[in-house]
Amino acid sequence: NGSLLATPAVLGASGDLAKKKTLPALFSLFRLSLLPKNSRIIGYARTKMDDKEFHGKFADNLKDGKDGEKEEFLKICNYVPGAYDQDDAFQNLNKEIEKKEKEIGSKEPQRLFYMALPPNVFTVVAAGLKKNCYAEKGHNRIVIEKPFGKDLESCQEMMGELKKLWKEEETFRIDHYLGKEMVKNILLMRFANPFVEAGLNNQLVDNVQITFKEPFGTEGRGGYFDEFGIIRDIQQNHLTQVLSLLTMERPATFSAENIRDEKVKVLKNVPAIKEEDVLIGQYSAANGKPGYKDDDTVPKDSNCPTFAALALWVNTPRWQGVPFILKAGKALDEGKVEIRIQYRDQGKGLFEEIPRNELVLRIQPEESIYAKISNKKPGLESSLVPVELDFKYNARMTDYRSPEAYETLILDALKGEHSSFVREDELNESWRVYTPLLHAIDAGKIKNEKYEYGSRGPQSLNHFIGKYGYDRRGME
Ligand code: BG6
């Protein structure tokens, strides 16, 4: 008894997500036999085209297929054109889905609607699907991805509309960082290793930095980006998710609800960000690369931040007093995402100056975990040298592959497993933390500092992180 996968993967003007992520992830699952071989995938969008033209849009993005796998996969991908706001179009889609279900003899339909859509049509499509494409028996699931509004109020409004149509257990809100290998590792690593967990508290930790760096700018999507800015793009969702996994208390079990209860609990202890705890920046032309405002789709007077460093405070007994610095920026000197936990000074009186211990979880590009420690320099004298305890995935483990975030997430959604999806109350708590700051920036009350394309960020960054105790001695 096969399951049917109906995927209104939207191509056309805004179909980048489907072409680059959703369909290639489905292909990977297909190759790994994690998608039942008799599944059917349906692309749905406004553009009129036939199956062949549809395949032409994404076939080049299907990677690593062995002989014939790609062709096999394309055979199960059909296309249905239709509007986003018309019942008869959705009824047509429903007929197609039912036809496929008959073909594969599915008694209990498993319908997954992946909305790779721009936010202005989320609600209308969710309504059209519910009304016309909802299977009475079996499962109906809807997958959506940010932007979930622009602040607390608009998010609540959007979620309120969706909730009238789709139940919480049918709704899968993607934050693709929750599908990344190292992010999925955080809870396992913390609660399986007593010495790691015992070191995560304000007795030992001085400060924590969660950093996202990209070496390219917003070229090509400046107009879109300008409406949101880096804080809505990265910190409010991706980095806040990482923060909650790192700071939450032990869940009773790894069930989705137990995990998410703890994430919400810890977020409730994070006060709204204060304006003095913020540094924002915007990149300017340098090294032959264009500045943010050189993009024609960006308003010339834009105050939109492309870089932000924010200090957040987690007022639980465990974390009280430890600053969490969430940094994110485009057009920087490198591409890197990591968590860096810096420990308190140690050994005063016994030693001169020694670098602090650090525990680093590198999320990308190459997953690794390393700890910086001080060790006796081998030899006849008695002095210390900083060294690293180093676990690089690709050096230590052969025959492993980190799945793409979207593979993991789509597989979970197919199984109805919610732990790596964002619950509505998590979203609300996160928006509560960011909304006052975002409004202040939107109103022009906080000004951007310029930084050069390809640099480390605004010049005052070192001063900013220094204020929160971050010590760069180990870095140079
Ligand atoms: C997206 C942001 O959510 O994440 C993009 O909208 C950003 O601006 C992307 O480039 C980064 O994702 P990853 O997986 O490449 O780190």
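The values are calculated or read from the model by the stated rules, or taken from the named source; none is laboratory data. Please read all numbers here as calculations on a predicted model, not as lab measurements. Neighbour counts run over all protein chains shown; Cβ positions are idealised from the backbone, glycine included.
Would you check if THR316 is of a type in the set (S, T, N, Q), modelled with pLDDT under 95, touching a helix residue (DSSP H, G or I) at 6+ places or on another chain (Cβ under 8 Å) and assigned to a loop (DSSP other than H, G, I, E, B)?
no
Give the number of residues within region 317-353 that are out of contact with any Gly (no Cβ under 6 Å at 6 or more places or on another chain), among the small types (Gly, Ala, Ser) and in contact (Cβ under 8 Å) with a residue 60 or more places away in the chain.
3
Of a type in the set (Phe, Trp, Tyr), away from the ligand (no atom under 16 Å from the Cβ) and either assigned to a helix (DSSP H, G or I) or buried (at least 16 other Cβ atoms within 10 Å of the Cβ) (or both), is that true of PHE113? Spell out how you get there, then give the answer.
On the way: of a type in the set (Phe, Trp, Tyr): yes; away from the ligand (no atom under 16 Å from the Cβ): yes; either assigned to a helix (DSSP H, G or I) or buried (at least 16 other Cβ atoms within 10 Å of the Cβ) (or both): yes.
It is true that PHE113 is of a type in the set (Phe, Trp, Tyr), away from the ligand (no atom under 16 Å from the Cβ) and either assigned to a helix (DSSP H, G or I) or buried (at least 16 other Cβ atoms within 10 Å of the Cβ) (or both).
Got at least one residue in region 143-155 being within 16 Å of the ligand (Cβ to nearest atom), closer than 26 Å to GLU424 by Cβ, part of a helix (DSSP H, G or I) and at pLDDT below 95?
For region 143-155, residues within 16 Å of the ligand (Cβ to nearest atom), closer than 26 Å to GLU424 by Cβ, part of a helix (DSSP H, G or I) and at pLDDT below 95: absent.
Are any of the residues in region 382-389 in a loop (DSSP other than H, G, I, E, B), away from the ligand (no atom under 16 Å from the Cβ) and farther than 28 Å from LEU187 by Cβ?
Checking region 382-389: at least one residue is in a loop (DSSP other than H, G, I, E, B), away from the ligand (no atom under 16 Å from the Cβ) and farther than 28 Å from LEU187 by Cβ.
Does region 231-253 hold any residues that are more than 13 Å from the ligand (Cβ to nearest atom) and in contact with a strand residue (DSSP E or B) (Cβ under 9 Å, 6 or more places away or on another chain), and which are they?
Matches in region 231-253: LEU243, LEU246, THR247.
Can you confirm whether ARG260 is surrounded by fewer than 14 Cβ atoms within 10 Å (Cβ to Cβ), over 21 Å from ALA440 (Cα atoms), of a type in the set (D, E, K, R) and in contact (Cβ under 8 Å) with a residue 12 or more places away in the chain? Before the answer, list the steps.
Working: surrounded by fewer than 14 Cβ atoms within 10 Å (Cβ to Cβ): no; over 21 Å from ALA440 (Cα atoms): yes; of a type in the set (D, E, K, R): yes; in contact (Cβ under 8 Å) with a residue 12 or more places away in the chain: yes.
When the stated conditions are applied, ARG260 does not pass them.
More than 26 Å from the chain's Cα centre (by Cα) and touching a residue at least 40 places away in the same chain (Cβ under 8 Å) - does that describe any residue in region 140-152? Walk me through it before giving the result.
Pass one, region 140-152, residues more than 26 Å from the chain's Cα centre (by Cα): none.
No, that holds for no residue.
Could you figure out which of (1) under 28 Å from PRO271 (Cβ atoms); (2) part of a helix (DSSP H, G or I); (3) of a type outside the set (Lys, Arg); (4) within 13 Å of the ligand (Cβ to nearest atom) isn't true of PHE212?
Here PHE212 meets the rest and fails (2).
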